[in-house]
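Below is one structure, written out as structure tokens, with a few remarks after it.
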Amino acid sequence: MPFFLSPGVNFSEIDLTTIVPAVGTTEGAYAGDFDWGPLFSIVSLGNQVELVSTFGKPTSNTFKSFFSVSNFLDYARNIRTVRTANVAAAKNATSGTALLIQNRDDYELNYLDLSAANTSGQFAARYAGAKGNGLKVSLWASANSTAFANWTYAEEFNGATGTSTYVGNLAGANDEMHIIVIDTLGKFSDAANTVLEKFPYVSKASDAKNDDGSSNYYVNVINDRSKYVYVLNHAQNITTQVSETSSWGNTAAATNFAETSTSYTVTLSGGVDGWSETANVIVGYDKFANAEEVDVSLIVTGAHPQVVSEYIVDNIAETRRDCVAFISPEYADVVDNAGSEVADITTYRNLFNSSSYAVMDNNWKYQFDKFNNVYRWIPCNGDIAGLCVRTDFERDPWFSPAGFNRGHIKNVTKLAWNATKGNRDDLYKIGVNPVQSFPGEGVILYGDKTMLAKPSAFDRINVRRLFIVLEKAITRAARYSLFEFNDEFTRAQFVALVEPFLRDVQGRRGIYDFRVVCDTTNNTPEVIDRNEFIGDIYIKPARSINFIQLNFVAVRTGVAFEEVVGKAT
């Protein structure tokens, strides 16, 4: 209790209700090429609709990335996705000189000054890529209601513009305008000249407000609400790129927002895709490197080159130690490679280091692309990661995702190849899991090994994921012991915190037995003097069945079963 300087009563609360928290085990991660969306920013996606809305439909350049993410979402509810690009080549379409705006942070830091020296025009496509070419933006900027009827897009709005109530109350005038965004080439809407967005009665005054207190300044409205464009500058003469609207962006008080032209219309061009090189993809995956900043559990590598997948294993999964990377062989190893699949997959597998934080399958699948009415070859690693999520939903992370109960893979027209028993034996010995088609039963993940070469309990997916859950949850709970005293009370509190959690996991078939040691045997005076605290947690993990032996024993008619049961060899 505190020291009182005079008589009084004080009270305090001591919270001893800390529990081991639940931790996420279903969050996926992927980085790769798309033709729309922010660059090098993590975006959470919950379904295919959100994938299309954010990053666009699959194309001949993006389908491997698209379906790696989409296939994961067929089993899951969340994947954190990063669009990558070659930043030396990629450009946003603009109404002037093309430039690169990587994402919203980049825009606000470098392009929101509305500088008169800007040579890129008034608008830029929201994101880099050729897809932004052909976006048209038109503004009606005049209070001239007679001329309004002649504006090409007048019928899209409910009348001419004038002076907003907010600006009028401050003795300003002529601040209102209409803005419309048109898809002239049909890249977003599948029909040329489709209206994508309309922003009626927005204001040229930087302090303009709506009745609900939200900003009505056209720059803020476009930048916050448009899915297609950013504002780079106030309206300019298209030929000279000289500002004709010097009052735009002023505050409302006593400002007459006059304009030289009644309308301004620009079509954006100069956008370049800038498809990723290896280094760009690695930079994208580095967004997931810090476990304290982003929570992911399952990393999808898609069809990336081996050097990218190896980087993910060595520098993200192995460093974080709370997630698993999923890898497939290269396209040429399995598609149209009859007779050489095992040899080529083996060569590919041997390029990787041993790791229990990586899982490799042996196949690609042929699936239908409904957006383009074609079939595509896609690596299976997105599905394998997805099976882990489905296992989490149906059972727990420490159950194997393989087999006929939980290992069914979706959306398969055919596999690149179907391994024989001998093929599967050869690959399973080096930690490659078969994806196998069984007539009448579907396509099944038929193995649950990690890429750990050393014989160990951690060479199984379920054991590795069990320990990720235990370590992640208990570590988070243990943080609340930091800066407490290393005494009998704190140690007993730690044991009382961990044991119920482990008993729950044991009851859910995750472990066979456990023991928690946190006392003076491991917290010696030397440990205490170093300001350390040690808790030893011993776990007997549950093992999945990989091999079944069935013995059928024929006995003579006159023999009692009791005489032979347990004696057959």
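Looking at VAL374, VAL324, VAL389, VAL308, just one residue is of a type in the set (A, V, I, L, M), modelled with pLDDT of 95 or more, over 28 Å from SER544 (Cα atoms) and crowded, with 19+ Cβ neighbours inside 10 Å, and that residue is VAL308. What number of residues within the stretch 115-135 are surrounded by fewer than 22 Cβ atoms within 10 Å (Cβ to Cβ) and within 21 Å of SER203 (Cα to Cα)? Total meeting the criteria: 2.
The residue that is nearest to MET177 (Cα to Cα), among those in the stretch 260-281 that are in a loop (DSSP other than H, G, I, E, B) and of a type outside the set (S, T, N, Q), is LEU268.
Quick check on PHE501: is it among the aromatic types (Phe, Trp, Tyr), closer than 20 Å to TRP398 by Cβ, surrounded by 13 or more Cβ atoms within 10 Å (Cβ to Cβ) and outside the structural domain of ALA358 (by TED's automatic domain parsing)?
yes
Considering the stretch 396-411, the residues that are free of Cβ contacts under 8 Å to residues at least 60 places away in the same chain and over 19 Å from PHE547 (Cβ atoms) include one that is surrounded by the fewest Cβ atoms within 10 Å (Cβ to Cβ), namely HIS408.
The combined condition, being modelled with pLDDT under 95 and outside any loop (DSSP other than H, G, I, E, B), is not fulfilled by TYR201.
Among strands (runs of 3 or more DSSP E) entirely within the stretch 359-450, having at least 3 residues that are out of contact with any Gly (no Cβ under 7 Å at 6 or more places or on another chain) singles out 364-369, 374-379, 435-438.
Could you tell me whether ASP190 is closer than 30 Å to ASP35 by Cβ, in the same structural domain as VAL219 (by TED's automatic domain parsing) and surrounded by fewer than 13 Cβ atoms within 10 Å (Cβ to Cβ)? Yes. Here LYS227 qualifies as touching an Asp or Glu at 6+ places or on another chain (Cβ under 9 Å), under 29 Å from LEU109 (Cα atoms) and not hydrophobic (A, V, I, L, M, F, W, C). Counting only helices (runs of 4 or more DSSP H) that sit wholly inside the stretch 40-112, those with at least 3 residues that are in contact with a helix residue (DSSP H, G or I) (Cβ under 9 Å, 6 or more places away or on another chain) and surrounded by 19 or more Cβ atoms within 10 Å (Cβ to Cβ) are 63-73. Output the number of the condition that ARG515 fails; it satisfies all remaining conditions of (1) within 30 Å of PHE399 (Cβ to Cβ); (2) of a type in the set (D, E, K, R); (3) assigned to a helix (DSSP H, G or I). Result: ARG515 fails condition (3) only.
Results for (1) under 18 Å from VAL20 (Cα atoms); (2) in a helix (DSSP H, G or I), shown as yes or no for each residue.
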position: ARG465; (1), (2): yes, yes
position: GLU484; (1), (2): yes, no
position: PHE494; (1), (2): yes, yes
position: VAL505; (1), (2): yes, yes
position: ILE539; (1), (2): yes, no
position: GLY566; (1), (2): no, no
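The values are calculated or read from the model by the stated rules, or taken from the named source; none is laboratory data. Small disclaimer: the values here were computed from a predicted structure and weren't measured. Heads up, the Cβs are rebuilt from the backbone with ideal geometry, glycines too, and the neighbour counts pull from every protein chain shown.
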